[in-house]
Amino acid sequence: MKKNKSITSIILYMIMGAIFVYFTFNIYLKVKTTMTYESKKNALLNEIEQLKQQEQSLKQEKANLENPEYILKYARGKYLLSKEGEQILRLPAKEQ
C-alpha cells in the first residue's frame, strides 16, 4: 500500500513538474514575442517620425517652388542665369 502511494506521488509530482515547465516555457515565448513586437513598433515609430520630417521638408520645398521670386533666385544661383545687361564673373574656389 505504501509503495502504491509512493508511485502515485511520484507520478503526480512528474505531472505537476511537466505542467510547470509547460507554463514557464509559454510565458518565455510570450515575453520574447512581446519584446520582438515592441522592437518593431519602436523602429516603425522612428520611421514615421523621419517620414513626417521629410513631409514637412517637401511641403516647404513645394511652397518655395510655387514662389516665382524663389525660382528666380534659385536659377540665378544654381545655373548662373543673369538679368538683362548683367555680367556674371566666376571666382575660383578658395583652398583651405
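Observations, loosely collected:
- Per the listing Asn46, Asn26, Asn4, the residue uniquely in a helix (DSSP H, G or I), without any contact (Cβ under 8 Å) to a residue 40 or more places away in the chain and either surrounded by fewer than 10 Cβ atoms within 10 Å (Cβ to Cβ) or charged (D, E, K, R) (or both) is Asn4.
- For segment 61-79, the set of residues classified as part of a loop (DSSP other than H, G, I, E, B) and surrounded by 10 or more Cβ atoms within 10 Å (Cβ to Cβ) consists of Asn67 only.
Readers should treat all values here as calculations from the given coordinates under stated rules, not as data from a laboratory. Keep in mind it's a predicted model, so treat the numbers as computed, not measured. Positions of Cβ are generated from backbone atoms using ideal geometry, with glycine treated the same way; all protein chains shown enter the neighbour counts.
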